[in-house]
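Student: Just passing along the structure, written as structure tokens.
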């Protein structure tokens with residue numbers, strides 16, 4: 001989506017400005033493609049509530065900057081040790097490990113700064129912006145994404161139950177996907193009932209997205225995926241197919257997709273974009 | 001200071017809660033001693049303005065969590081590769097590299113979350129809290145601490161001028177020290193003139209603190225420092241003594257200390273704690 005790319009481009013410091021190597025690594029990590037699922041969820045959620053405003057761009061950028069930083073750190077040799085991401089060499093392969101660590105750190109700070117800056121979050125009441133910052137902080141931290149990554153590390157070589165596997169993914173990728181929808185809902189002025197329905201939608205979509213990832217990791221090719229295929233099995237990480245078998249994995253994916261669509265049924269026609277994103281998450285080929 | 005330690009203790013997730021390894025690494029990184037200069041600057045600045053409130057604890061914790069995360073990441077093998085910090089093994093030596101990266105990431109998120117959470121920043125208007133979040137974000141990011149660390153990496157084996165060396169340190173350590181004072185000043189309701197004087201104080205103190213570090217790196221012993229002595233020279237990093245010689249370094253330290261004290265002279269007796277901290281930064285033995 002042109003709007004997301006333009007907003008991300010504007011939010012990042014220019015390549016030529018000092019410290020140039022850091023800025024280049026940050027821009028490389030963020031601007032090199034990517035599905036932009038989280039920004040799209042921000043816009044689609046607000047759209048379902050009849051809301052659109054320039055202030056949404058800051059929310060969309062903030063979640064994507066956090067997502068991008070998490071990929072840079074996850075790909076590091078000490079973590080998943082991945083050389084390929086979004087069809088290109090990973091950030092540390094291009095810029096070195098030290099610069100990749102710093103680029104991730106700086107992207108996280110920039111995400112919070114973007115949200116906090118009044119001039120971008122145009123027209124949002126300060127109290128609401130603070131609530132959004134709290135939502136983003138919780139989603140990123142030890143109770144969310146970083147915590148999920150820690151559970152993921154601890155799971156290598158372990159036998160997990162389906163519930164444990166889903167909890168790990170609900171933290172590792174689900175928390176930020178949930179935050180994207182939550183931020184869109186807060187911007188759109190959703191009441192508590194609608195926010196709760198949207199939280200169910202986000203939870204189901206997040207897990208469905210991950211299950212599709214696991215299926216593609218078995219079936220896909222690196223050239224189509226843009227990242228290394230078969231790496232979870234190679235790393236002895238529990239996956240949906242390894243925990244419950246491929247047939248049950250496909251059934252769980254269908255169940256979660258139906259749950260996501262059910263959750264937003266009360267929005268009727270307004271939820272069309274959210275519906276498309278849930279179908280995309282479940283059926284995508286990369 | 002008991003107040004800082006208690007506030008930090010309260011701000012961190014408990015060791016026994018899942019994901020326990022991540023929480024343990026976070027607590028290890030933050031609670032193992034440390035000078036607590038930045039929290040002390042928050043309290044001392046607010047005190048100089050006649051302000052004290054429970055809300056200060058969140059500001060003090062936020063800057064110390066950011067400082068702690070930066071030490072964890074700086075010590076990583078890909079960065080400064082340090083095994084000793086605050087007299088103990090560094091976080092990655094204790095918990096492994098992957099967990100140390102995640103602990104740093106989660107500490108950064110927690111710092112912003114602490115500031116954003118209304119229940120902690122008691123009595124602070126949302127608009128003012130947003131301004132504080134912006135101050136903290138800028139101090140941490142590519143234009144502040146992370147940018148300074150990138151300049152530091154680029155400086156290895158290079159000849160810097162005194163101005164370049166001071167600029168690097170003004171970003172790497174000065175930005176967060178400046179943020180600590182700025183946050184205390186905002187909490188204390190300082191007008192623009194006073195805030196400017198305090199910014200000069202913080203800038204001079206930050207550089208003086210770093211110069212003292214460089215002198216101790218030459219003169220000190222690891223057992224007293226609690227970290228590896230002589231490491232900057234060994235890593236071929238430019239230092240004040242290597243750039244301008246030891247005699248000029250000592251003279252610059254005295255000049256900056258005088259400048260820091262001058263800047264807060266208008267505060268009179270109210271500035272007593274700030275004065276003590278400037279003298280401590282310049283004269284400390286570790």
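Student: Considering only residues that are at pLDDT below 95 and under 13 Å from residue A:73 (Cβ atoms), which ones fall in the stretch A:84-99?
Tutor: Hit for the stretch A:84-99 is A:85, nothing else.
Student: For the list (1) over 25 Å from residue A:125 (Cα atoms); (2) free of Cβ contacts under 8 Å to residues at least 60 places away in the same chain, I need the number of the one condition that residue B:128 fails.
Tutor: Just one mismatch for residue B:128, condition (1).
Here's the yes/no breakdown for (1) crowded, with 21+ Cβ neighbours inside 10 Å; (2) modelled with pLDDT under 95; (3) at the interface with another protein chain (Cβ under 9 Å from one of its Cβ atoms); (4) closer than 11 Å to residue B:130 by Cα:
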position	(1), (2), (3), (4)
A:112	yes, no, yes, yes
A:115	yes, yes, yes, yes
A:118	no, yes, yes, yes
A:127	no, yes, yes, yes
A:140	yes, no, yes, no
A:146	yes, no, yes, no
A:150	yes, no, yes, no
A:161	no, no, no, no
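Student: Could you tell me whether residue A:174 is crowded, with 17+ Cβ neighbours inside 10 Å, closer than 21 Å to residue B:109 by Cβ and either free of Cβ contacts under 8 Å to residues at least 40 places away in the same chain or touching a strand residue (DSSP E or B) at 6+ places or on another chain (Cβ under 7 Å) (or both)?
Tutor: yes
Student: Right, another one. Looking at the stretch A:210-229, is at least one residue assigned to a loop (DSSP other than H, G, I, E, B) and crowded, with 22+ Cβ neighbours inside 10 Å? Walk me through it before giving the result.
Tutor: Initial filter on the stretch A:210-229 (assigned to a loop (DSSP other than H, G, I, E, B)): A:220-221, A:226-229.
Filter once more, keeping what is crowded, with 22+ Cβ neighbours inside 10 Å: A:227.
Yes, because at least one residue in the stretch A:210-229 is assigned to a loop (DSSP other than H, G, I, E, B) and crowded, with 22+ Cβ neighbours inside 10 Å.
Student: All but one of (1) facing chain A (nearest Cβ under 7 Å); (2) without any contact (Cβ under 8 Å) to a residue 40 or more places away in the chain hold for residue B:167; state the number of the condition that does not hold.
Tutor: (1)
Student: State whether the residues of the stretch B:15-32 include one that is modelled with pLDDT of 95 or more, crowded, with 18+ Cβ neighbours inside 10 Å and more than 14 Å from every other protein chain (Cβ to nearest Cβ).
Tutor: Looking for residues that are modelled with pLDDT of 95 or more, crowded, with 18+ Cβ neighbours inside 10 Å and more than 14 Å from every other protein chain (Cβ to nearest Cβ), one finds none in the stretch B:15-32, hence no.
Student: Check whether at least one residue in the stretch B:75-85 is within 8 Å of chain A (Cβ to nearest Cβ) and either over 23 Å from residue B:25 (Cα atoms) or in a helix (DSSP H, G or I) (or both), and report yes or no.
Tutor: No, the stretch B:75-85 contains no residue that is within 8 Å of chain A (Cβ to nearest Cβ) and either over 23 Å from residue B:25 (Cα atoms) or in a helix (DSSP H, G or I) (or both).
Student: Which residue, of B:44, B:7, is without any contact (Cβ under 8 Å) to a residue 60 or more places away in the chain, closer than 16 Å to residue B:63 by Cβ, buried (at least 18 other Cβ atoms within 10 Å of the Cβ) and more than 14 Å from every other protein chain (Cβ to nearest Cβ)? Break it down into steps so the answer makes sense when it comes.
Tutor: Values: B:44 fails: without any contact (Cβ under 8 Å) to a residue 60 or more places away in the chain.
Just a single option satisfies the conditions, and that option is B:7.
Student: Now for a different question. Residue by residue through the stretch A:1-50, note down the ones that are touching a helix residue (DSSP H, G or I) at 6+ places or on another chain (Cβ under 6 Å), over 19 Å from residue B:149 (Cβ atoms) and assigned to a loop (DSSP other than H, G, I, E, B).
Tutor: Scanning the stretch A:1-50 gives a single hit, A:36.
The values are calculated or read from the model by the stated rules, or taken from the named source; none is laboratory data. Keep in mind it's a predicted model, so treat the numbers as computed, not measured. Cβ coordinates were reconstructed from backbone atoms using ideal geometry, including for glycine residues, and neighbour counts include every protein chain displayed.
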